[in-house]
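Below is one structure; the comments refer to it alone.
The numbers here are math on the coordinates, done by the rules we state, and not lab data. In this text the structure is predicted, and so the values were computed from the model without any measurement. All Cβ positions, glycine included, derive from the backbone under ideal geometry; neighbour counts span all protein chains shown.
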Amino acid sequence: MDYKDIKGRIFNIQKYSVHDGPGVRTIVFIKGCPLRCRWCCNPESQEFEVQKMQVGGKEKIVGRDVTVAEVMDNVLRDMPYFRRSGGGLTLSGGECLTQLDFSEGLLRYAKDFGITTAVESTAFAPFEKIERLLPYLDYYLMDIKHMNSEKHKEYTKQPNELILKNAAKLARSEHTELTVRVPVIPGFNDTEEEISDIASFAASLGVLRLHLLPYHRMGADKYAGLGREYLMGDVYPPSNEKMQKLKRAAERHNIKVQIGG
């Protein structure tokens, strides 16, 4: 089969993003994820199955099957924005590694047209899977949520040892530029010590950039739409003052830190 005919399951294509890699980017949201983060703002991304979700009192089908070529026909319409801004294609989700053939095909097609590529990924997969994407990948935006595996598992349903091992391997890769992203979640990882530990680890790998992403509640209504309970209902976003303190704690490790994506 031609790689352009490979099918995958997505739930959204977002245009004109400036927070998910350099320049203006088009984001393809892929369905399926091995983690169950309590704060996930895209709970419709977690299950691979096509779902029904109530949105504004109306039923919405979440998930559709498309080929690599169909997605890229859409992405290629944004080439003028990519050229002017240095932007390109970003795969998000969900977790693109759960649909490896499809993700590889999208990145390969993009590189055929000289489009810069990025993934937003947990890296929770055997490194052999990640290696398949690297020849076609410019930027790896990797979540590191906590250095303590037990606490990581409590809040995401998965341990973190594999994630940290893959971070070290990615940092040594000559194929892609690794940026560490930290969702700052009150009650989970929002102390100076916890953020400092992540920054220290990232700096030890030679990572140049760390992004602190403040928790928000923008996906809360989706849980009700899916008939699920939102477990973060009593948690509110960290203050600007708190985020600045965490930024300074991370910067002590001589790593470039920014708040937001």
Item checked: Calculated P(r) of segment 174-224 - Cα pairs past 15 Å, % -> 55 percent
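Going by how many other Cβ atoms sit within 10 Å of their own, how do PHE188, PHE124 line up, fewest first? Display every interim value, and only then the final one.
On the way: PHE188 22, PHE124 19.
The order, fewest Cβ neighbours first, is PHE124, PHE188.
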Check: Spin-label point model (7 Å from Cα, Cβ direction): what's the GLU154 to GLN14 distance in nm?
Finding: 2.9 nm
Note to self: Tell me the relative contact order for segment 6-96 as a rounded percent, counting alpha carbon contacts under 8 Å between residues six or more apart.
What the structure shows: 42 percent
Margin query: Give the separation of the Cα centroids, segment 2-28 to segment 116-144, in Å.
Written below: 14 Å
Next item on the list: Please sort by residue number the trypsin sites (Lys or Arg not before Pro) in segment 30-120 whose DSSP state is loop and whose Cβ has at most 15 other Cβ atoms within 10 Å.
Entry: ARG36, ARG38
Check: Going down the table (LYS58/LYS153; LYS31/LYS157; LYS4/LYS31; LYS60/LYS111; LYS165/LYS242), which pairs top 25 Å between alpha carbons?
Finding: LYS58/LYS153; LYS60/LYS111; LYS165/LYS242
Note to self: Show me the trypsin sites (Lys or Arg not before Pro) within segment 165-240 that DSSP assigns to loop and that have at most 14 other Cβ atoms within 10 Å of their Cβ.
What the structure shows: ARG217, ARG228
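State the extension gain, in nm to one decimal, for the chain segment bounded by CYS41 and ASN74, taking 0.36 nm per residue of separation less the distance between their alpha-carbons. Spell out each step's value before the answer.
On the way: separation 33, 0.36 × 33 = 11.88 nm, distance 2.44 nm.
Full-extension gain reported as 9.4 nm.
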Check: What share of all Cα pairs of segment 3-259, in percent, falls into each consecutive 5 Å distance bin?
Finding: 1, 6, 13, 17, 19, 18, 14, 8, 3, 0
Notebook entry, point to check: Using the beta-carbon distance between VAL55 and SER204 and R0 = 30 Å, what value does 1/(1 + (r/R0)^6) give for FRET efficiency, to the nearest 0.05?
Noted result: 0.10
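Which FRET efficiency value, to the nearest 0.05, is calculated for SER85 and HIS175 with the Förster distance at 22 angstrom and r the Cβ-Cβ distance?
On the way: r = 23 Å, r/R0 = 1.03.
Plugging the Cβ-Cβ distance into 1/(1 + (r/R0)^6) gives 0.45.
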Margin query: Which of rounded, prolate or oblate describes segment 22-110 when judged by the alpha-carbon gyration tensor and an a/c cut-off of 1.5?
Written below: prolate
Notebook entry, point to check: When each pair of different Cα atoms in segment 92-244 is counted once in the 1/r mean, what is the Kirkwood radius in angstroms, to one decimal?
Noted result: 16.7 Å
